[in-house]
1. Say we look at region 133-164 and pick out the residues that are outside any helix (DSSP H, G or I) and within 13 Å of the ligand (Cβ to nearest atom); which of these is farthest from PHE99 (Cα to Cα)?
2. Considering only region 177-197, state which residues are more than 16 Å from ARG163 (Cα to Cα) and of a type in the set (D, E, K, R).
3. Might you let me know whether region 53-63 holds any residue that is within 16 Å of the ligand (Cβ to nearest atom) and surrounded by 16 or more Cβ atoms within 10 Å (Cβ to Cβ)?
4. Just one of PHE68, PHE74, PHE82 is free of Cβ contacts under 8 Å to residues at least 40 places away in the same chain, within 16 Å of the ligand (Cβ to nearest atom) and in contact with a strand residue (DSSP E or B) (Cβ under 8 Å, 6 or more places away or on another chain); which is it?
5. For residues that are assigned to a loop (DSSP other than H, G, I, E, B), within 16 Å of the ligand (Cβ to nearest atom) and among the hydroxyl-bearing types (Ser, Thr, Tyr), scanning just region 165-188, find the one that is nearest to LYS84 (Cα to Cα).
6. Scan region 192-200 and give yes if some residue there is in contact (Cβ under 8 Å) with a residue 24 or more places away in the chain, more than 15 Å from the ligand (Cβ to nearest atom), under 24 Å from ASN309 (Cβ atoms) and assigned to a helix (DSSP H, G or I), otherwise no.
7. Across region 1-36, what is the number of residues that are within 16 Å of the ligand (Cβ to nearest atom) and part of a strand (DSSP E or B)?
8. Could we say that PHE48 is within 13 Å of the ligand (Cβ to nearest atom) and part of a helix (DSSP H, G or I) here?
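Here, each number is a calculation from the coordinates, and none is a lab measurement. If you're wondering where the values come from, they're calculated on a predicted model, not measured in any experiment. No Cβ is skipped: glycine too gets one built from the backbone with ideal geometry, and neighbour counts run over all protein chains shown.
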Amino acid sequence: MFQPSKKIVYEKSKLSGTTTWQSPSNIALIKYWGKRDLQIPINPSLSFTLSKCNTQTTISYKPSSDGFKYEFYFEDQPKPEFKKKLDIFFQRIISYLPFLNQISIKINSTNTFPHSSGIASSASAFSALSLCLTDIEKSILCSSDFLKKSSFISRLGSGSACRSVYGPASIWGKSSLVKESKDDYAVPFDLPNFFKNYNDTILIVDEKSKSVSSTVGHDLVKNHQFKNSRVKQANKNLDKLIKSILNKDIGEFIKVVENEALTLHAMMLSSNPSFILLKPNTINIINKIWSFRNKNNTTLCFTLDAGANIHLLYHQTDFETVQNFIKDELLIFCSNGKYIDDKIGYGGIKK
Ligand code: DP6
């Protein structure tokens with residue numbers, strides 16, 4: 001849908017300014033794992049958008065007579081370790097945002113979630129950056145389709161980032177079940193009110209950055225022996241999940257969400273070469289959740305990212321019970337007793 005645009009020379013007066021956007025992380029319930037071509041997912045994914053784990057990014061821009069230039073700062077400090085990823089991102093997007101050839105930009109980002117919490121920040125980081133860039137385009141060109149384009153640009157930085165621009169939930173990847181769904185960008189998925197009152201408490205099992213990056217993990221899916229079955233399963237699970245959400249069938253919702261989380265890690269375990277991101281305490285927590293659910297009628301279930309941390313999903317009416325369970329039985333498995341209470345949120349915000 002979005003095509004590379006031709007070069008246009010813009011008035012210099014329009015080419016300077018500042019914009020700031022805040023954008024959240026998201027947690028996938030149907031997992032994006034495996035891609036083809038340029039950041040095209042092999043199966044559709046569905047995520048809940050979070051509200052407290054955010055990146056806030058400011059871009060100041062001014063005219064440049066010798067092409068596009070950028071400087072990147074994280075909490076006011078230069079970060080040369082992000083240069084490679086950012087260079088690739090800007091190479092990918094420049095033909096879709098050609099005004100960039102006429103400006104130089106200074107980017108400054110901060111995260112609201114703690115450093116070294118093992119929380120992946122690429123979704124919030126690339127969505128906040130893309131919202132700023134698309135906002136600059138809007139102020140120069142008065143372009144439309146702002147959120148779709150921001151999601152499209154975010155995807156070229158990190159796949160999961162394209163789902164963060166909207167709330168309370170998003171779907172990315174073509175599915176016959178969702179008419180407007182696309183591979184190029186995510187679309188919003190409205191939740192019934194019951195699910196808008198869901199919490200996500202993130203138990204920090206491991207604070208270190210993971211041993212194998214998602215990008216390497218996605219790559220190993222290309223020749224994975226279970227790739228075709230995984231694509232079929234993800235599509236089936238999406239169908240079951242959407243039905244369970246619309247019918248408020250909590251039992252089915254829990255089954256699908258946990259099956260997706262464990263399948264993601266089963267794909268890692270059965271890759272060639274194999275790798276393991278789960279830690280013994282991840283398994284300890286899962287077993288505790290299962291025995292807690294056997295004794296209590298609760299909405300509590302878990303999901304996992306590409307890492308050892310556990311996301312606990314539960315309805316607001318279970319807040320007190322689940323918080324007591326966390327404190328009494330789960331904190332001993334968390335690194336330095338750390339966890340983050342987050343909940344469903346509504347996507348990027350202009351500051
Ligand atoms: C397990 O979006 O981090 O979190 O596109 O290579 O940047 P890149 O990968 P990334 O992969 C996220 C994988 C996941 C599942 C998900 O968020 O759907």
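1. My answer is SER164.
2. LYS179, LYS196
3. Within region 53-63, one or more residues are within 16 Å of the ligand (Cβ to nearest atom) and surrounded by 16 or more Cβ atoms within 10 Å (Cβ to Cβ).
4. After applying the criteria, what remains is PHE82.
5. TYR185
6. Checked against the condition, which is being in contact (Cβ under 8 Å) with a residue 24 or more places away in the chain, more than 15 Å from the ligand (Cβ to nearest atom), under 24 Å from ASN309 (Cβ atoms) and assigned to a helix (DSSP H, G or I), region 192-200 yields at least one hit.
7. Number satisfying all stated conditions: 10.
8. Spelling it out, it is not the case that PHE48 is within 13 Å of the ligand (Cβ to nearest atom) and part of a helix (DSSP H, G or I).
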